[in-house]
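Computed from the coordinates by the stated procedures, all read-outs in this text should not be read as laboratory data. Since this is a predicted model, take the numbers as computed values, not measurements. Here the Cβ positions follow ideal geometry from the backbone for every residue, glycine too, while neighbour counts run over all protein chains shown.
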Amino acid sequence: MPPLSQDQLAAFAAVARAGSFTRAAAALHLSQPALSRRIAALEAQLEAVVVVRARGGAQLTEVGRRLFAFVEAQTALEEELLGDLAPSPSAAMRGVVRIGGLSSLVPPVVLPALAPLLRAHPAVQVELYREVDRPVLEALAGGRVDLAISQAAAATEGVEDVHLGDEEFVMIESRDHPGRRDVFLDTGPRDPTTAWFLGAQPARARPKGRWTRSFLHDEPGILLGVELGLGRAVKPRHTIPDGAAVRVDASFTPVAQPVYLCFRRQRFYGRLHRAVRERIEAAVRARLAPPPARRARR
């Protein structure tokens, strides 16, 4: 078999990362027919389909996922070499790392952990995406993110799942404004947090009668809504800042959820990938570690 065409591999990688032939063609400044011809030529050489057009966008086949892992490893090797040959220490690492996951940890924990690295290496870029479990794991499998922070393990061949700790979810209410106890705040209609948390409570602790949900867009909005007495909310304990005008409703039992760092298994990881991963692991483990008083009681 002749060597793989770098132009064809670049076209394939662009589709895998964008999840769309249209966006990939725009990124490469190609027409869609020209992009499709490159993908078709690559598939003809491999005698296998690597990507299919589906209702939700471009989807990789099993062969496509293996090929994309090869492309990612090849890119990491190239970035490693360029970093080693760079004349300035500030350019020792370069490249883009895409990270997606829980809004309770991305970006409030991840971004501060990576800030020193980004300041020291201006050629490094980090893209953060806040997604819930299933979408972020689908993005990881499709090559649209490099690292995923999720409450669910991917449990998929070719993906590493590293348990970083547990988030402890509690019910909070306003400290200053009683009332609206039958209203629960979530980010949006697809946010399952309240329903999941209440479903995990003993029957006697669940709200009696009708209760409603109110949607306040994001985690800061929910916290502000609780402080203003607009309803109660389920939040990871570690996201409640000191001095917030809220208190934990002790009538509900805290519920723990595991947190995983998921990434594609490769034979080689470049220094950038390793550096980012190590910083994320250390920061999230530190954030999720129970306070000393709670550890002593165990």
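Observations
- Net charge, residue 136 excluded, C-beta distance under 10 Å - Lys, Arg +1, Asp, Glu -1: 0
- If only the Cβ of Lys and Arg carry +1 and only the Cβ of Asp and Glu carry -1, the dipole of the chain around its Cα centre is close to 820 debye.
- The residue 111 and residue 203 beta-carbon pair, evaluated with R₀ = 35 Å, returns a calculated FRET efficiency of approximately 0.30.
- Counting Lys and Arg as +1 and Asp and Glu as -1 over every other residue whose Cβ lies under 15 Å from the Cβ of residue 182, the net charge comes to +4.
- Contour minus Cα-Cα distance for residue 55 and residue 253 (0.36 nm per residue): 67.2 nm
- Of 59, 45, 266, the one that fluctuates the most in a GNM where the chain has Cα springs shorter than 10 Å: 45
- Think of each Lys and Arg Cβ as +1 and each Asp and Glu Cβ as -1; about the Cα centre, that makes the dipole of region 167-255 roughly 520 debye.
- Among (i) 19.5; (ii) 14.3; (iii) 13.5, the entry that matches mean projected area of the Cα convex hull in nm² as calculated here: (i)
- GNM flexibility winner over the chain from 55, 232, 144 (Cα, springs under 10 Å): 55
- Kirkwood hydrodynamic radius (C-alpha pairs) into Stokes-Einstein, region 167-255, 20 °C and 1.002 mPa s, D in µm²/s: 167 µm²/s
- Near residue 153, once Lys and Arg are set to +1 and Asp and Glu to -1 for all other residues with Cβ below 11 Å from its Cβ, the sum equals -3.
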